[in-house]
Amino acid sequence: MCGIVAYLGKKTAQPILVEGLKRLEYRGYDSAGIALLRDAGINVQKTCGRISALEEILECPQGVDTLGIGHTRWATHGVPNTINAHPHLDYTGRIAVVHNGIIENYGTLKTWLQNEGITFVSETDTEVISHLIGYLYCEAESSERCGGQHRFEWAVQQALQKLHGTFGLAILCADFPDTLIGAKRGSPLILGVGDGEYVLASDAAAIVEHTTRAIYLADNEMVTIGSEGFYTKTINNVVVAKDLKEIEFSLDQIELNGFEHHMLKEIFEQPQSLGMCMGGRLDHACGKIKLGGIADHLRELTQAKHIIFTACGTAFHAGLVGEFLLEHLARVPAETEYASEFRYRNPIIGDDTIVVAISQSGETADTLAAVEQAKERGATVLGIVNVVGSSIARATDAGVYLHVGPEIGVASTKAFTAQVAVLSMLAIELGRRRHVSSDDAAWYIDELSQIPEKIGTILDQSSHIREIAAANADRENWLFLGRGCNYPVALEGALKLKEISYIHAEGLPAAEMKHGPIALIADGMPAVFIATAGPQYDKIMGNIEEVKARGGKVIVVATEGDEQIEHRADYLITIPDAPELLQPMLTVLPLQLLAYHAAVLRGHDVDKPRNLAKSVTVE
Ligand code: G6P
């Protein structure tokens, strides 16, 4: 949800900013811009559209420009156009700001600044920040109020103290041609520390090309970077020491490596990514599962009377699978709440309630807010997160990392299967400690370890799935139906199709269809059934007949060797046999591929679907 990048060093800043923005483009892509310090002034170039559109308007890079800031936007306040694109200058033209987040009190501040005679040019909340810093900067000049402190830094601090809401910021001042300031509250910000150069960015993806050493700012912290080095403080001017950390992923992980899209690459990575996620955690010899990150909380988890998963989007669907797994294997009441609803619904949290936040990015604002809410109510809060060192990873008491490497495609794929793998491991281990026999636990562990290989046989059907997508991609309404732990997979299949194909799709528990949605079935409407081997198989056969009788086209995901289904399905995709509880890690694959191929066939930009962003850092 907006990406920011800034550079200070010895090299020409412009190409570094543009490359960084390309790596952050998944965070937002409706407009983009850069500002460079040049000839004791600030040169701003910005445009509506993607980074490629920005590249077309950029002047030739100049070697003397070694300090600059850049931004790729996902609009919140104000339509995507060139005026609303960042960077935003203050009224004096001496301060430039790029911002990720939302300023909640911008209306009040804007009115106040307008009454002081300042004219606003954009509709954004961000412009308030640049004018406020500029205003305070001018005030400091006339009253010498900053008492010896760096005047630019003082003005930034005073301004930030007046802001309500969230921000990741990079700020320039024309009077300090070798100073860059970054600050953070609620939005991510990382400072990459290279050899005489610094890259400040929303995400390590924009940094790793230059350095793998970084500091992660905490909320209400800021960094002042100069040619001589950098120092960190709180926005209230208290010095804080930060440790340099090693960034864990390499550039190779975020390249396309021959795939047409990141989403396809990430779908095909799942045998390896699940292997990485489960690697070292399945102890076949002892029939146990080791989840080191939550080892200190296992006793509490084993005794928990109530577990609440909270998450958004795809992670929410993983939570729904987790609810099913925990109830079946560990016999613990579990429920899954949309994070955006959880925080406003006065949830009942007792001493033996554990809240588990699930998030790929670890930065989703709604999930982070739910974590804070649960903590305020005294719950132990655990995280299932992919991005190491992210806000949710740091805000939770403990957690399990997915370890699947960076996910770039906006539509989440490999994170989903890994989230379900972690939830499966958690459920098996808690089950083993509560109700499940050692033999059964060992059997589940063995079955779990076979999942990555089984995924390979589903990926082999990609061209067949493409043909199914081609035959149905012109239909504007689809249904996805599943039962038991495959019902959340149906929801996920529908979400994938909506996100990238812009086809209207609904996911439903198959039996619910007859209570209303069956009215939608008309000639040729695609209905995707997950009808794998399991206790509800016969029931779902009945649901398939109901759709066929009304002229629907039935696409079935079934278990290999199921001869009965061959005569009923219009299109058949098979998965290898697996225990029902572990099937979601397999049944979701055909649905990911179906959505991917449908989107490509409809001519959409799969990795950057309209109106979406990967990391939603606004509530
Ligand atoms: C956005 C993305 C979804 C993702 C959701 C939750 O809406 O477009 O793909 O599932 O955020 O993201 P998280 O990073 O918290 O898993």
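The values are calculated or read from the model by the stated rules, or taken from the named source; none is laboratory data. Bear in mind the structure is a predicted one, so any value in this text is a computation, not a measurement. Quick reminder, even Gly has a Cβ in these numbers, built from the backbone with ideal geometry, and neighbours come from all protein chains shown. Areas reflect the complete protein model, heavy atoms only, side chains present, ligands, DNA and RNA absent. Shrake-Rupley method; radii C 1.70, N 1.55, O 1.52, S 1.80 Å.
Round to a whole angstrom and tell me the spacing of the C-alpha centers of region 114-189 and region 52-112.
Measuring centre to centre over Cα atoms gives 13 Å.
How many angstrom lie between the C-alpha centres of region 484-540 and region 390-407?
31 Å
Using the structure shown, list the pairs from LYS110/LYS184; LYS233/LYS375; LYS288/LYS614; LYS46/LYS110 with a Cα-Cα distance above 29 Å, or answer none. All intermediate terms of the calculation are to be shown ahead of the outcome.
Values: LYS110/LYS184 21 Å; LYS233/LYS375 26 Å; LYS288/LYS614 35 Å; LYS46/LYS110 23 Å.
The pairs that break the limit, which is 29 Å between Cα atoms, are LYS288/LYS614.
Under the definition of Cα pairs under 8 Å and six or more residues apart, what whole-number percent is the relative contact order of the chain? Write out the running numbers ahead of the final one.
Details: 1411 pairs, mean separation 71.9, N = 619.
Relative contact order, the chain: 12 percent.
Compute the length gained on full extension between GLU467 and GLN161: take 0.36 nm times their separation in residues and subtract their Cα-Cα distance, giving the result in nm to one decimal.
Working: separation 306, 0.36 × 306 = 110.16 nm, distance 5.70 nm.
Taking 0.36 nm per residue and subtracting the Cα distance, the gain is 104.5 nm.
Normalising by the residue count of region 141-244, find the relative contact order in percent from Cα pairs under 8 Å and 6+ residues apart. Walk me through the intermediate numbers first.
Values: 179 pairs, mean separation 22.9, N = 104.
Once divided by the residue count of region 141-244, the mean separation gives 22 percent.
222 nm [θ] for the chain, helices only, -39500 (n - 2.57) per DSSP H run of 4+, per residue, to 500?
Working: 19 runs with 218 residues, N = 619.
Taking each H run of at least 4 residues, the total per residue is -11000 deg cm²/dmol.
Rolling a 1.4 angstrom probe over the protein chains, ignoring ligands and nucleic acids, what is the accessible area of ASP440 in square angstrom, nearest 10?
80 Å²
Say the dipole of the chain comes from +1 at the beta carbon of Lys and Arg and -1 at that of Asp and Glu; which of GLY405, THR532, ILE225 then lies farthest toward its positive end?
ILE225
What does the net charge come to around ILE102 if you take all other residues with beta carbon closer than 10 Å to its beta carbon, with K and R at +1 and D and E at -1?
Overall, the nearby charge balance is -3.
Want the number for GLU327 to ASP605: 0.36 nm per residue separation, take away the alpha-carbon distance, what's left?
Numbers: separation 278, 0.36 × 278 = 100.08 nm, distance 3.92 nm.
That works out to 96.2 nm of additional length.
Among 350-358, 509-517, 13-21, 208-216, how do they line up by average Cβ neighbours within 10 Å per residue, starting with the highest? Could the numbers behind the result be given before it?
Values: 350-358: 22.0, 509-517: 15.6, 13-21: 24.0, 208-216: 19.3.
Per-residue mean Cβ counts within 10 Å order the peptides as 13-21, 350-358, 208-216, 509-517.
Just to confirm, what accessible area per residue do you get for the chain at 1.4 Å probe, in whole Å²? Walk me through the numbers before you get to the answer.
Numbers: 22520 Å² over 619 residues.
It amounts to 36 Å² per residue over the chain.
Between region 289-311 and region 195-260, what's the alpha-carbon centroid distance in Å?
That distance is 32 Å.
At a 10 angstrom cut-off on C-beta neighbours, averaged per residue, how do the peptides 57-69, 128-140 rank from highest to lowest?
On the way: 57-69: 17.2, 128-140: 23.5.
Highest-to-lowest ranking by the protection proxy: 128-140, 57-69.
Considering only protein heavy atoms and a 1.4 Å probe, what is the carbon-and-sulfur percentage of the accessible area of the chain? Don't jump to the answer; show the numbers that get you there.
On the way: 10800 of 22520 Å².
Carbon with sulfur: 48 percent of the solvent-accessible area.
Evaluate E = 1/(1 + (r/R0)^6) for GLU453 and ALA40, where r is the Cβ-Cβ distance and R0 equals 60 Å; express this FRET efficiency to the nearest 0.05. Each step should come with its number before you reach the end.
Working: r = 62 Å, r/R0 = 1.04.
Step by step, r from the Cβ atoms, then E = 0.45.
Select from THR367, GLY378, ASN43 the residue farthest towards the positive end of the dipole of the chain; place +1 on Cβ of Lys and Arg, -1 on Cβ of Asp and Glu, and compute about the Cα centre.
Selected residue: GLY378.
Roughly how many debye, to the nearest 20, is the charge dipole of region 167-305 about its Cα centre, given +1 on each Lys and Arg Cβ, -1 on each Asp and Glu Cβ, and no other charges? Before the final figure, lay out each step's value.
Details: 12 positive and 20 negative charges, 171 e Å.
About 820 debye.
In percent, what relative contact order does region 382-485 have, based on Cα pairs under 8 Å that are 6 or more apart in sequence? Mind dumping the intermediate values first?
On the way: 56 pairs, mean separation 15.0, N = 104.
Value for region 382-485: 14 percent.
Using a Förster radius of 22 Å, what is the FRET efficiency between THR92 and GLU59 based on their Cβ-Cβ separation? Nearest 0.05, please.
Values: r = 23 Å, r/R0 = 1.04.
According to the calculation, E is roughly 0.45.
Using a simple charge model, +1 on the beta-carbon of Lys and Arg, -1 on the beta-carbon of Asp and Glu, nothing else, what dipole does region 420-571 show about its Cα centre, in debye to the nearest 20?
Around 480 debye, computed over region 420-571.
Taking 0.36 nm per residue of sequence separation and subtracting the Cα-Cα distance, how much length would be gained by fully extending the chain between TYR502 and SER438, in nm to one decimal? Write out the running numbers ahead of the final one.
On the way: separation 64, 0.36 × 64 = 23.04 nm, distance 4.67 nm.
Extending this stretch completely gives an extra 18.4 nm.
Mean Kyte-Doolittle of at least 0.5 plus a Cα span of 24 Å or more along the axis: flag which DSSP H helices in the chain meet both, please.
Numbers: long enough: 126-143 (26 Å, 0.29); 414-434 (30 Å, 0.47); 438-459 (33 Å, -0.10); 584-601 (26 Å, 1.48).
Qualifying helices, which must be both long enough and hydrophobic enough, are 584-601.
What does the charge dipole of the chain about its Cα centre add up to, to the nearest 20 debye, if the Cβ of each Lys and Arg holds +1 and the Cβ of each Asp and Glu holds -1? Let's see the in-between values first.
Numbers: 52 positive and 79 negative charges, 132 e Å.
Charge dipole of the chain: 640 debye, to the nearest 20.
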